[in-house]
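Undergrad: For reference, the structure I am asking about is given below.
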């Protein structure tokens, strides 16, 4: 009986480890971020999005987006619009935003955030 409990516990731990790993892998496949430059004034990233980015906002950062590839539907607060290669737009700090890719290829953007973005100023909206 004791051995069965150990086996069950190990199996359960293995299951949760695999589930977490697969979840992280799925997120990695959806969004890929490459840091291009950073200093205390700004950070720039190349971001590839295959599916979507959940609704969120930045308390302390303004974000400038330049679309390099793909098409998507963008939400800024209560406004929705289509974005495509060559488009540029600014997301002022505090603005709720999300994106849903509509092209068969991934959406590729250059994101320039000011001041320096250290990854902590991203607040997701639960809807």
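Undergrad: Could you say which residue among 44, 52 is in contact with a helix residue (DSSP H, G or I) (Cβ under 9 Å, 6 or more places away or on another chain), within 22 Å of residue 34 (Cβ to Cβ) and surrounded by 13 or more Cβ atoms within 10 Å (Cβ to Cβ)? Full working, then the answer.
TA: Values: 44 fails: in contact with a helix residue (DSSP H, G or I) (Cβ under 9 Å, 6 or more places away or on another chain).
After ruling out the rest, the residue left standing is 52.
Undergrad: Can you name every residue in segment 89-107 that is within 13 Å of residue 53 (Cβ to Cβ) and either out of contact with any strand residue (DSSP E or B) (no Cβ under 8 Å at 6 or more places or on another chain) or not in a loop (DSSP other than H, G, I, E, B) (or both)?
TA: Hits for segment 89-107 are 91, 97, 98, 99, 100, 101, 107.
Undergrad: What is the residue count in segment 76-88 for residues that are part of a strand (DSSP E or B) and under 18 Å from residue 113 (Cα atoms)?
TA: 2
FYI, it's all coordinate maths here, none of it is from the lab. Remember, predicted model here, so these are calculated numbers, not experimental data. Counting neighbours? That spans all protein chains shown, and the Cβs are built from the backbone with ideal geometry, glycine included.
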